[in-house]
1. Residue 199 passes all but one of (1) over 21 Å from residue 24 (Cβ atoms); (2) among the charged types (D, E, K, R); (3) touching a strand residue (DSSP E or B) at 6+ places or on another chain (Cβ under 8 Å); which number fails?
2. Would you check which residues across the range 168-192 are surrounded by 12 or more Cβ atoms within 10 Å (Cβ to Cβ) and over 17 Å from residue 39 (Cβ atoms) and list them?
3. Quick one: how many residues across the range 46-56 are under 22 Å from residue 161 (Cβ atoms) and not hydrophobic (A, V, I, L, M, F, W, C)?
4. Yes or no: residue 88 farther than 26 Å from residue 175 by Cα and out of contact with any helix residue (DSSP H, G or I) (no Cβ under 9 Å at 6 or more places or on another chain)?
5. I'm checking my understanding of the structure. Among residues of the range 66-99 that are of a type in the set (Asp, Glu) and touching a residue at least 24 places away in the same chain (Cβ under 8 Å), which one is surrounded by the fewest Cβ atoms within 10 Å (Cβ to Cβ)?
6. Let me confirm something: among 27, 40, 51, which residue is assigned to a helix (DSSP H, G or I) and modelled with pLDDT under 95?
Amino acid sequence: TNALTTNLTSFFREAHHFEVLAELLKARGRQTPIKIWCAAASTGEEPYSLAITAAEALDSLTPSVKILATDIDTQVLETAQAGVYPEERVDKLDDAQKRRYFRRGAGANAGRVRVIDELREMISFRPLNLLDARYPMRGPFDAIFCRNVMIYFDKPTQRDILGKIAPLLSPDGLFFAGHSESFFHATDIVTSIGRTVYRRTAR
């Protein structure tokens, strides 16, 4: 399975989603425990981007935010959990973010950076196949990121996955999809509220 997966990712890919998430986090406030699920964690850039967004939106390195990061590929999850990347992977981040959230390696680790412990402690990495009959996690989640995964499935399979994801969203929670994904065939499950951002359809 690991050999068949596609793991194209980067920090703050599709940046507008993180702006929407920041507004949601600010609306929730600092005291409310907030749960986020990253359903295609790959090598970790996306869940760490979520953690940075939480830290900045709530002005704390230890906000009341828990991020579940899952992926079918166990090898990329190992990379994600380690949180170590070549320096060029963070080139597009601003200097303040690099200084605050990463530590530069020295000696044998020169040319690499490591995500700070506070961000890593915000995230739990777990293997998960979205095609499984049932998902083991419990909601509700305030936000679910499942981006650039559905494009690999036909529409009936997309509906099946959405049917398992949507009940895990809080009633006003947000579901984030990839820029090439749309779910006009599943409006009874999720409702579009913007650029590839959805809510659970009210029933």
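1. (1)
2. Step one: filter the range 168-192 for residues surrounded by 12 or more Cβ atoms within 10 Å (Cβ to Cβ), giving 168-170, 172-179, 181-183, 185-186, 188-192.
Selection gives 172, 182, 185, 188, 191, 192.
3. First, pick out the residues of the range 46-56 that are under 22 Å from residue 161 (Cβ atoms): 46-47, 50.
If we keep only those that are not hydrophobic (A, V, I, L, M, F, W, C) as well, we get 46-47.
Qualifying residue count, the range 46-56: 2.
4. On the way: farther than 26 Å from residue 175 by Cα: yes; out of contact with any helix residue (DSSP H, G or I) (no Cβ under 9 Å at 6 or more places or on another chain): yes.
It is true that residue 88 is farther than 26 Å from residue 175 by Cα and out of contact with any helix residue (DSSP H, G or I) (no Cβ under 9 Å at 6 or more places or on another chain).
5. From the range 66-99, those of a type in the set (Asp, Glu) are 71, 73, 78, 87-88, 91, 94-95; that's our starting set.
When the remaining residues are screened for being touching a residue at least 24 places away in the same chain (Cβ under 8 Å), the result is 71, 73, 87.
Working: 71: 28, 73: 22, 87: 14.
So the residue we want is 87.
6. Working: 40 fails: assigned to a helix (DSSP H, G or I); 51 fails: modelled with pLDDT under 95.
On inspection, the qualifying residue turns out to be 27.
Matching residues to (1) more than 25 Å from residue 25 (Cβ to Cβ); (2) at pLDDT below 95; (3) under 18 Å from the mean Cα position of the chain (by Cα):
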residue	(1), (2), (3)
141	no, no, yes
157	yes, no, no
163	yes, no, no
166	no, no, yes
174	no, no, yes
179	no, yes, yes
191	no, no, no
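The values are calculated or read from the model by the stated rules, or taken from the named source; none is laboratory data. These numbers were taken from a predicted model, which means no experiment stands behind them. Here the Cβ is made from the backbone with ideal geometry for all residues, glycine too, and neighbour counts use every protein chain on show.
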